[in-house]
Amino acid sequence: MKFAILVFPGSNCDHDCYHVVKHLMGQDAEYVWHKSTSLEGFDCVILPGGFSYGDYLRTGSIARFSPVMAEVERFAGKGGLVLGICNGFQILCEAGILPGVLMRNEGLKFICKGVTVRVENNGTPFTSSYSAGRVLSMPIAHADGNYFADDDTLKALEDNGQIVFRYSTPDGRITPGANPNGSLGNIAGIVNRRGNVLGMMPHPERACEEELGGTDGRGIFESLIKALGR
């Protein structure tokens, strides 16, 4: 399987994603510069975390105009698997590939810490390696992770099973205290209606090795490889 790791000016988690895909999961991976106009030959596209264009104007609002994003939209439109992590999630929302928007954290501060999230939907190509309701430990690192959508969009996400992860307590309860950034419904990750595009704020690529604190994030990549194999 061949993974495209997109690189925007200001990306800083591209090497982390490459390391996991290439060296831990044993898959082919290639960096793709944001000015590229082709994703030919790739099976999966990852938009990594970071601070594309320094987060100027609004997170992801400039990166969404990069030439490669037209290709990402076409790739996703044909059913290709797309994973957006942190800034990647923000870019996908700004591009209209995922619904809603990521706003400034409720506390107006950058947050960098470990959190726990509950798997709400394990029937996606990104989560089939997990059991429904499993609680995962992963780190977050963002200033704009406060997910917001209007009432109709939120209802559609709920009704269609598009909410994939919610911030939870370690024992799986969805509480205000478990919500680090004010996201509506404790939302930490969603898929598009078709289910082939996932955006999430926690960093699974930073939770793939015991030496770095845990391996709960590996299931994302294992699920992707399994889905691509089918």
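Each reported figure results from applying straightforward, stated rules to the coordinates on display, with no laboratory input. It should be emphasised that the depicted structure is a prediction, and the values quoted were computed from it without experimental measurement. Cβ sites come from the backbone with ideal geometry, for glycine too, and all protein chains shown count toward neighbours.
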From the gyration tensor of the Cα coordinates in the range 1-87, what semi-axes in whole Å does the equivalent ellipsoid have, largest first, with each one equal to sqrt(5λ)?
20, 16, 10
Taking N as the number of residues in the chain, what is its Cα Rg relative to 2.2 N^0.38 Å?
0.91
Using alpha carbon centroids, what distance separates the range 1-71 and the range 175-202, in Å?
20
If you take the alpha carbon radius of gyration of the range 137-230 and divide it by 2.2 N^0.38 Å, what ratio comes out, to two decimals?
1.14
The range 108-147 and the range 203-220: distance between their alpha carbon centers, rounded to Å
12
In the chain, which longest range has no GluC sites (Glu not before Pro) that are both DSSP loop (not H, G, I, E or B) and surrounded by at most 15 other Cβ atoms within 10 Å?
107-230
In whole angstrom, how long is each semi-axis of the equivalent ellipsoid of the range 187-230, when you take the square root of 5 times every eigenvalue of its Cα gyration tensor and sort them from largest down?
21, 15, 5
Can you tell me, using C-alpha contacts under 8 Å and at least 6 residues apart, the relative contact order of the range 2-229 as a whole percent?
19
Sparse-neighbourhood loop sites, trypsin sites (Lys or Arg not before Pro) in the range 63-147 - DSSP loop, at most 14 other Cβ within 10 angstrom
Lys78, Lys109
